[in-house]
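The values are calculated or read from the model by the stated rules, or taken from the named source; none is laboratory data. Values in this document were obtained by computation on a predicted structure and should not be read as measured data. Please note: Cβ atoms are built from the backbone with ideal geometry, for glycine as well, and neighbour counts cover all protein chains shown. Protein only, heavy atoms only, side chains kept; ligands, DNA and RNA dropped before computing areas. Shrake-Rupley method; radii C 1.70, N 1.55, O 1.52, S 1.80 Å.
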Amino acid sequence: MLERPTTEEYAAFYEGYIKRVPEGNIIERLEQQSNIVQSVLSSLTEEQANYRYAEGKWSVKEVIGHLTDNERIMSSRLLRIARGDQANHPGYDQDVLMQSHPFDAYTVADLSEEYAAARRSTLLMLRHITPEAWLRRGIVSDNPASARSIAYVLVGHELHHLSVLRDRYAVHVPL
């Protein structure tokens, strides 16, 4: 089981996400989250998935699209850091990514398939990371980041958005 990363392993920006992560095996947490997201998506109609709780806010589909985008970006960072890449991995602007991609045109089934594929890819990679590689450090947006801190950010970020879906969108999320 991976120990929780120390504050020297990530930027202060990620503290809230990492604190959300319960104790336990981080890979099992990612697997559980995948099951939760799939359950949520299978329960939604297209109309429910297009819901926005306020003008200018993302639809449920866009929230899931954002989770998929973030999965791919963070997984890439984790891979490169775990394998010793010392390059500065740039940040990303979630709003730019959302503006230029039509997640609302996806069906719920399409979103489910794409999210599942991204998460499965992450899980397959993580199962083969060595204990030493989990502790390797790199740079993300000019800040230190360890491979394990990125795995924790993935879980905490998704917990945040699942809570938002539950609390603001009235989506049944079994957290």
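Here the Karplus relation 6.51 cos²θ - 1.76 cosθ + 1.60, evaluated at θ = phi - 60°, turns the backbone of segment 80-93 into coupling constants of 5, 5, 4, 9, x, 5, 9, 5, 7, 7, x, x, 9, 9 Hz, with x for every Gly and Pro. Considering only LEU44, PRO144, HIS89, and ranking their Cα positions along the charge dipole of the chain that arises from unit charges at the beta-carbon of Lys, Arg, Asp and Glu, the one farthest toward the positive end is PRO144.
State the percentage of accessible surface on the chain attributable to carbon and sulfur atoms; use a 1.4 Å probe and exclude ligands, DNA and RNA.
Values: 4560 of 8870 Å².
Accessible surface attributable to carbon and sulfur in the chain totals 51 percent.
Under a Gaussian network description of the chain, with springs only between Cα atoms under 10 Å, the residue in ALA147, ALA117, ALA82 that fluctuates furthest is ALA117. Using a cutoff of 8 angstrom between alpha carbon atoms and counting only pairs six or more residues apart, the relative contact order for the chain works out to 40 percent.
Extending 7 Å from Cα along the Cβ direction at GLN48 and again at THR7 yields two label points whose distance is 4.1 nm.
Our coupling estimate for segment 98-105, obtained by passing each phi through the Karplus curve with A = 6.51, B = -1.76, C = 1.60 and θ = phi - 60°, is 6, 5, 9, 9, x, 4, 5, 7 Hz, Gly and Pro reported as x.
Solvent exposure of the chain amounts to 51 Å² per residue of accessible area, where only protein heavy atoms count and the probe is 1.4 Å. Axis angle, to the nearest 10 degrees, between helix 108-126 and the longest C-alpha principal axis of the chain: 10 degrees. Shown is the FRET efficiency for ARG127 and HIS160, computed with R0 = 35 Å from the Cβ-Cβ distance and rounded to the nearest 0.05: 0.90. Who wins for biggest fluctuation among THR68, THR45, THR107 in a Gaussian network model of the chain, springs between alpha carbons below 10 Å? Looking only at THR68, THR45, THR107, the biggest GNM fluctuation is shown by THR45.
Measure nothing but the geometry: give the 0 to 90° angle between the long axis through the Cα atoms of 26-43 and the longest principal axis through the Cα atoms of the chain, rounded to 10°. Value to nearest ten degrees: 10.
To the nearest 20 debye, what charge dipole does the chain have about its Cα centre, counting +1 at the Cβ of each Lys and Arg and -1 at the Cβ of each Asp and Glu?
Details: 19 positive and 24 negative charges, 91 e Å.
Roughly 440 debye for the chain.
Largest GNM mean-square fluctuation among ALA109, ALA54, ALA87, using the chain with Cα springs under 10 Å: ALA54.
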